[in-house]
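The values are calculated or read from the model by the stated rules, or taken from the named source; none is laboratory data. All values derive from a computational prediction rather than experimental measurement. Counting neighbours? That spans all protein chains shown, and the Cβs are built from the backbone with ideal geometry, glycine included. These accessible areas exclude ligands, DNA and RNA; they are computed on the full protein's heavy atoms, side chains included. Shrake-Rupley method; radii C 1.70, N 1.55, O 1.52, S 1.80 Å.
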Amino acid sequence: MSDDIERPPWWLSGDGDPSNEDSSSDDSGASWDMASMLGMVTSMAGQWWASSGASQHASHDDPADNPDCVICKGLLVLGSATAAPAATELQDVQWLPIRRA
Amino acid sequence: MLLASAITPSGLTWVTEAALASLPGARVFELDEFDDRDTVRALASMLGVAGAAVTAVDGHGALTSVQRTAALVAAFEHSAVASEPAVILVRGSVPEMVADLCSLAIVLQVGSPGHELTDRLTSMAGVASEGGIEWLLATPPESAAITTATAQVAQGSALGLSIRGVLVAPMPRKTDGWPKHVRDAAREQVTELADRLFGVPVSRSRAGAAPAFSAPARHGIETSVTRNSGGEYLLSLTIPGLQFCDLEVGVWTMDPSYASTHLVLRLDGVTAWRSLDPTLRRCVGVEAVVAGDTVTVPFVPDAGQWPGVENDDEGDAQ
């Protein structure tokens, strides 16, 4: 019994793993806020699409001030959070009350 | 294209073995093989130029997201023309990656319709939501890992992925000296996972070998629309593992002509966008009723969208 306690969790030990590779815990499971992701991803995507003429978005601080920019337009419609990465809600989504049957 | 991932790094070996047993003749790729380093370098450089108001952690996460989205699209486009089936090994959460792809596709549809990149992402997002991308997941038979696997399958199903199955491995073996109570507990975890994910093939490794998941993958999400006697349209979605996730349900529109064009599901922080059919776009979502693994959203016809039609049975869609 004491042996069981001293040993690491068996599924982390790699025993039975045909490769015997390191089986340390995955640290990639941390998710992060979707709104922040959309804002930042879109901001970077604006750079990515420089060839499409969207590169001017890089100098746009407030999407509302740049209605002709395709990236700002997308940000406004989605209500993403380039200017406020800590936002926790997807704006413009109408969340519905949930009832448990 | 079959995406393969695991809850723990060592599970990738197992899921690879299972994928090859399931798809004989398939070719295995790491997602990173499709990485476009030039694009990544350009993005990193442009982050500095843009002076994006993000923290280092968020910036890294966003950059990783873009990098993986680009790689996923490249892998998808490669597999579409490849002569043999492709297995794409993914390190990390497949649902999070596909959710990023779908969200970015929607951003592009709104902000840059008609652009070549918009079409590429939208095409793949559409195939994913319609069940055209399969997914095989591996997890060890440990409580926390089983919980994570359950949530990931629910998220992937909500996104529309076709679930090939869930492999539970490695199992503790008597020949390796594991005591009976450990082996029994592991088997109980397998049973519990199968119960949680009703309808999803769940198999465990046997004698140190991964099984084949030969049955065609099933579309993870089942959707139906009915109409009740009160004239409401009832959109029902059945998602395996749904009841084990924190759920939020909403509606969103990309076209101001309609009250809503998409149903938004957020399961444990992962957002899935489900496009609504023309009938439901002319209605207003009221609430979400959750019963087990099924969520039902009543939609009330929007009088402004049904000109000349009274709110009775005559308002049925054609």
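Under 5 Å between amide H atoms, partner at least 5 residues away or on a different chain: which partners does A:Leu96 have, H built in plane at 1.01 Å?
For A:Leu96, whose amide H was placed from the backbone, the distant partners under 5 Å are B:Val249, B:Gly250, B:Val251.
Pairs of Cα atoms under 8 Å, at least six residues apart: use those to get the relative contact order of chain B, whole percent.
Values: 592 pairs, mean separation 53.2, N = 318.
Worked out over chain B, it gives 17 percent.
Using amide H atoms built 1.01 Å from N in the peptide plane, name the residues 5+ places from B:Val28, or on other chains, whose amide H lies under 5 Å from its own.
Excluding prolines and chain starts, which carry no amide H, the hits are B:Val87.
I'd like the antiparallel share, as a percent to the nearest 5, of DSSP beta bridges with both residues in the stretch B:221-311.
Details: 30 of 30 bridges.
Roughly 100 percent of the beta bridges in the stretch B:221-311 run antiparallel, per DSSP.
Go through B:Val286, B:Val200 and list them by solvent-accessible area, largest first, probe radius 1.4 Å.
Values: B:Val286 65, B:Val200 10 Å².
I get B:Val286, B:Val200, largest accessible area first.
Could you give the spread of the C-alpha atoms of the stretch B:139-278 along their three principal axes, from largest to smallest, in whole angstroms?
66, 29, 28
Nearest 10 degrees is fine. How inclined is helix B:56-81 to the longest principal axis of chain B, computing both from alpha carbons?
So the inclination is approximately 90 degrees.
For the stretch B:221-311, just the Cα set please: Rg and Dmax, both in angstrom.
Rg, Dmax (Cα atoms, Å): 13.3, 44.
So if each residue of separation counts as 0.36 nm, and I subtract the Cα-Cα distance between B:Ser123 and B:Thr175, what length gain in nm does that give?
Working: separation 52, 0.36 × 52 = 18.72 nm, distance 4.91 nm.
Additional length available on full extension: 13.8 nm.
Please report, in debye to the nearest 20, how large the charge dipole of the stretch B:221-311 is about its Cα centre when each Lys and Arg carries +1 at its beta carbon and each Asp and Glu carries -1 there.
On the way: 5 positive and 11 negative charges, 38 e Å.
Here the size comes out at about 180 debye.
For helix B:37-50, what angle does its Cα long axis make with the longest principal axis of chain B, in degrees from 0 to 90 and rounded to 10?
60 degrees
Looking only at other chains, what is the average number of their beta-carbon atoms within 10 angstrom of each beta-carbon in B:150-159? Provide the component values of the computation, followed by the final result.
Numbers: counts 0, 1, 1, 0, 0, 1, 0, 0, 0, 0.
Mean partner-chain Cβ count within 10 Å for B:150-159: 0.
Mind grabbing the interface size between A and B? I mean buried accessible area, both sides, 1.4 Å probe, in Å² to the nearest hundred.
Working: alone 8190 and 15320 Å², together 17950 Å².
Roughly 5600 Å² of accessible surface disappears when A and B pair.
Summing +1 for each Lys or Arg and -1 for each Asp or Glu, what net charge is found among the other residues whose Cβ lies under 15 Å from the Cβ of B:Arg274? Before the final figure, lay out the partial values.
Values: positive: B:Arg266, B:Arg281; negative: B:Glu130, B:Glu222, B:Glu248, B:Asp277.
Counting the neighbours of B:Arg274, the net charge comes to -2.
How do B:His181, B:His262 stack up against each other in accessible area, from largest to smallest, with a 1.4 angstrom probe? Can you show the working numbers first?
Working: B:His181 105, B:His262 15 Å².
Reading off the accessible areas and sorting them downward yields B:His181, B:His262.
Ignoring everything except DSSP H segments at least 4 long, calculate the 222 nm mean residue ellipticity for chain B; use -39,500 (n - 2.57) per segment, divide by total residues, nearest 500. Could the numbers behind the result be given before it?
Details: 8 runs with 122 residues, N = 318.
Theoretical 222 nm ellipticity from helices: -12500 deg cm²/dmol.
If you roll a 1.4 angstrom probe over the protein chains with everything in place, what fraction of the accessible area of the stretch B:221-311 belongs to carbon and sulfur, to the nearest %? Spell out each step's value before the answer.
Values: 1780 of 3630 Å².
Answer for the stretch B:221-311: carbon and sulfur cover 49 percent of the accessible area.
Leaving ligands and nucleic acids out of the surface, order B:Val264, B:Val289 by accessible area at 1.4 Å, largest first. Let's see the in-between values first.
Values: B:Val264 0, B:Val289 25 Å².
If we order B:Val264, B:Val289 from most to least accessible, we get B:Val289, B:Val264.
Please list 3J(HN,Hα) in residue order for the stretch B:165-170, calculated via the Karplus relation 6.51 cos²θ - 1.76 cosθ + 1.60 where θ = phi - 60°; whole Hz, with x for glycine and proline.
x, 10, 9, 9, 6, x
Taking amide hydrogens as modeled 1.01 Å from N in the peptide plane, which residues meet the under 5 Å criterion relative to B:Ala6, leaving out close sequence neighbours?
Long-range HN contacts for B:Ala6: B:Gly92, B:Ala138.
Please turn the phi angles of the stretch B:148-154 into ³J(HN,Hα) values with the Karplus equation 6.51 cos²θ - 1.76 cosθ + 1.60 (θ = phi - 60°), one per residue in order, whole Hz, x for glycine and proline.
5, 4, 4, 5, 5, 5, 4
Using the Karplus equation 6.51 cos²θ - 1.76 cosθ + 1.60 (θ = phi - 60°), what ³J(HN,Hα) coupling, rounded to whole Hz, does each residue of the stretch B:241-247 give in order, writing x for Gly and Pro?
x, 4, 5, 9, 10, 6, 10
Test of understanding: what is the full-extension gain from B:Asp184 to B:Asp32, defined as 0.36 nm times their sequence separation minus their Cα-Cα distance? Walk me through the intermediate numbers first.
Numbers: separation 152, 0.36 × 152 = 54.72 nm, distance 3.76 nm.
Gain on extension, B:Asp184 to B:Asp32, equals 51.0 nm.
Summing Lys, Arg as +1 and Asp, Glu as -1, what charge do residues with Cβ under 15 Å from the Cβ of B:Phe213 carry, B:Phe213 excluded?
For residues surrounding B:Phe213, the net value is +2.
Using a 1.4 Å probe on the protein heavy atoms only, what accessible surface does B:Leu197 show? Give it in Å² to the nearest 10.
0 Å²
Accessible area per residue of the stretch B:221-311 at 1.4 Å probe, in Å²?
Result: 40 Å² per residue.
Once the other residues with Cβ under 9 Å from the Cβ of B:Cys283 are scored (Lys, Arg +1; Asp, Glu -1), what is the net sum? Walk me through the numbers on the way to the answer.
On the way: positive: B:Arg281, B:Arg282; negative: B:Glu232, B:Asp302.
Spelling it out: positives minus negatives among the neighbours equals 0.
In square angstrom, rounded to the nearest 10, how much accessible surface does B:Thr226 have for a 1.4 Å probe?
70 Å²
Calculate the dipole size of chain B relative to its Cα centre from +1 charges on Lys and Arg beta carbons and -1 charges on Asp and Glu beta carbons; express the result in debye to the nearest 20.
Working: 21 positive and 37 negative charges, 262 e Å.
Approximately 1260 debye in magnitude.
How are the alpha carbon pair distances in chain B distributed across 20 Å bins from zero to the largest one, expressed in percent?
Calculated P(r), rounded to whole percents: 29, 53, 17, 1.
In whole percent, how big is the carbon plus sulfur part of the accessible area of the stretch B:2-218, probe 1.4 Å, protein atoms only?
On the way: 4470 of 8190 Å².
Using a 1.4 Å probe with all protein chains present, the stretch B:2-218 comes out at 55 percent carbon and sulfur.
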